[in-house]
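Here it is, the structure, as structure tokens.
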Amino acid sequence: ASYTLRHATRGSWTAAFTAYTGNDTLGSLPAVRGWSMRDHWALLGEHLQVDREYFTSVSAENDDRLGWAARGKWNNDRAAVIVTHFDNRSDALEHGELFDWYTCFDIVGADYAIGDWTLAAEYGWGVTDIIVENVGRFRSDLRAGYVLLSRRVANGRGTFRADTFGVNDHRQHAFTAAYFWSPTGGKLRAGVEAIFAGDERKIAIEMRYHFAK
């Protein structure tokens with residue numbers, strides 16, 4: 001459900017509420033393995049390995065509890081600010097090879113565009129918990145954010161992005177530089193992207209051609 005209030009000169013206000021099932025194991029990967037920059041697309045029903053014993057899933061529903069999220073947004077012709085609160089209401093208990101993680105997270109994001117330039121930033125923080133039988137409850141503090149600067153250049157767009165992410169007291173940083181180009185007509189798209197994250201170095205070259213009219 002959502003509600004929108006508009007003002008002709010001061011922009012628009014939008015509020016939305018979502019209730020959902022699934023996502024009971026959200027929080028396991030950053031808490032156990034740490035944050036990572038990957039290009040894996042997780043599928044509904046897929047089980048991804050967390051450690052030698054447990055897995056995670058983007059669609060697992062183990063405790064029959066509804067999760068919820070609330071969002072508020074303000075925007076005008078140049079800028080937007082979005083605030084989100086997310087709570088998966090997981091029971092934080094073991095369910096076979098899946099371990100539910102109770103995850104509660106807040107996100108604040110904003111972007112501003114003027115001429116050929118776009119500036120965007122987003123930051124999220126929260127906690128994720130598990131309850132180990134006969135041992136107790138364990139909590140991890142999660143943090144992640146980025147700042148992005150992008151500019152249209154010669155039928156393309158160049159972008160630089162700086163990321164920070166962490167679990168408890170462990171912090172990491174990453175930097176991404178990319179340029180994607182498309183000639184007039186838009187059927188061809190080519191680009192290069194370089195990512196530097198800790199000791200990792202990744203360079204990707206992309207070229208796509210759209211045959212459809």
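The values are calculated or read from the model by the stated rules, or taken from the named source; none is laboratory data. Computed from a predicted model, the values in this text were never measured in an experiment. FYI the Cβ positions are ideal-geometry reconstructions off the backbone, even for glycines, and counts take in every protein chain you see. These area figures cover heavy atoms from the full protein model, side chains too; ligands, DNA and RNA do not enter into them. Shrake-Rupley method; radii C 1.70, N 1.55, O 1.52, S 1.80 Å.
Before rounding to the nearest 500, sum -39500 (n - 2.57) across all DSSP H runs of length at least 4 in the chain and divide by the residue total; then give [θ] at 222 nm in deg cm²/dmol.
After summing the helix terms and dividing by residue count, I get -500 deg cm²/dmol.
Which net charge results for the neighbourhood of A19, defined as the other residues with beta-carbon distances under 12 angstrom from its beta-carbon, given Lys and Arg at +1 and Asp and Glu at -1?
The answer is +1.
Now for a different question. When only the heavy atoms of the protein chains count and the probe is 1.4 Å, how do W41, W181 rank by accessible area, highest first?
The ranking, largest first, comes out as W41, W181.
Would you mind putting 191-202, 22-33, 47-58, 93-104 in packing order, based on average other-beta-carbon counts within 10 Å, highest first?
Descending packing order for the listed peptides: 22-33, 93-104, 47-58, 191-202.
Something else about it: Heavy-atom accessible area of F17 with all protein chains present, probe 1.4 Å, nearest 10 Å²?
100 Å²
Restricting to Cα pairs below 8 Å that are 6+ residues apart, what does the relative contact order work out to for the stretch 60-213? Please round to a whole percent.
Answer for the stretch 60-213 is 12 percent.
Roughly how many percent of the accessible protein surface of the stretch 36-126 is carbon and sulfur, given a 1.4 Å probe and a whole-percent answer?
About 56 percent, which is the carbon plus sulfur part of the accessible surface.
Okay, moving on. With the other protein chains left in place, how much accessible area per residue, in square angstrom, belongs to the stretch 1-95 at a 1.4 angstrom probe?
66 Å²
Here's a follow-up. Just to confirm, what accessible area per residue do you get for the stretch 123-202 at 1.4 Å probe, in whole Å²?
62 Å²
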